[in-house]
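Here the structure is laid out as structure tokens; the discussion comes afterwards.
The values are calculated or read from the model by the stated rules, or taken from the named source; none is laboratory data. Note that this is a predicted model, so its numbers are computed, not measured. Cβ placement follows ideal geometry from the backbone for every residue including glycine, while neighbour counts extend to all protein chains displayed.
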Amino acid sequence: MATISSHILNAVDGSHSGGVRLECFRLAEDGRAEEVFSVASSDGGRVQETVDVDDNDPERVYELVFHIGEYFDRRGLTGSATVVPAIVFRLRMPDPDGRYHMPVIIAPHGYSTWWSTPAG
């Protein structure tokens, strides 16, 4: 099984972003989304979930949704409106046993991300 992981950090105060809701969907060719998992990041801002990837379809697209608006709303840091309620990543997982790490640094008005897929 493949592993999707993330470390979510709060750029406002440099803390780990615990309690961020993260959803993963498997997208069908017709655009339908099938939920794979829905979790909240740990107190340490971390998520690690296994995904049963169809090794017959390495081009299958998955979608990760980080619900950052909810996180900052709970902290009273978004003012009167949340302009970007979620960060959405679309990715492929061509190695059905691979590790796909998507760390994110979040703020009420921006984010920074990168990804890694370590070999072996």
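Worth pointing out:
- Residue match in region 74-84 (condition: part of a helix (DSSP H, G or I) and either surrounded by 15 or more Cβ atoms within 10 Å (Cβ to Cβ) or modelled with pLDDT under 95 (or both)): yes
- Single residue of region 17-41 satisfying the filter (touching a residue at least 40 places away in the same chain (Cβ under 8 Å) and more than 23 Å from residue 108 (Cβ to Cβ)) that is surrounded by the fewest Cβ atoms within 10 Å (Cβ to Cβ): 27
- Against the criterion of being among the hydroxyl-bearing types (Ser, Thr, Tyr) and free of Cβ contacts under 8 Å to residues at least 40 places away in the same chain, residue 50 does not qualify.
- Restricting region 42-54 to residues that are farther than 16 Å from residue 104 by Cβ and not in a strand (DSSP E or B) leaves a set whose member that is modelled with the highest pLDDT is 43.
- In region 6-16, the residues that are surrounded by 15 or more Cβ atoms within 10 Å (Cβ to Cβ) and either in contact (Cβ under 8 Å) with a residue 60 or more places away in the chain or in a loop (DSSP other than H, G, I, E, B) (or both): 6, 7, 8, 9, 10, 11
- Scope region 17-37; condition of a type in the set (Gly, Ala, Ser) and under 13 Å from residue 65 (Cα atoms); matching residues: 33
- Residue match in region 49-63 (condition: surrounded by 11 or more Cβ atoms within 10 Å (Cβ to Cβ) and more than 18 Å from residue 1 (Cα to Cα)): no
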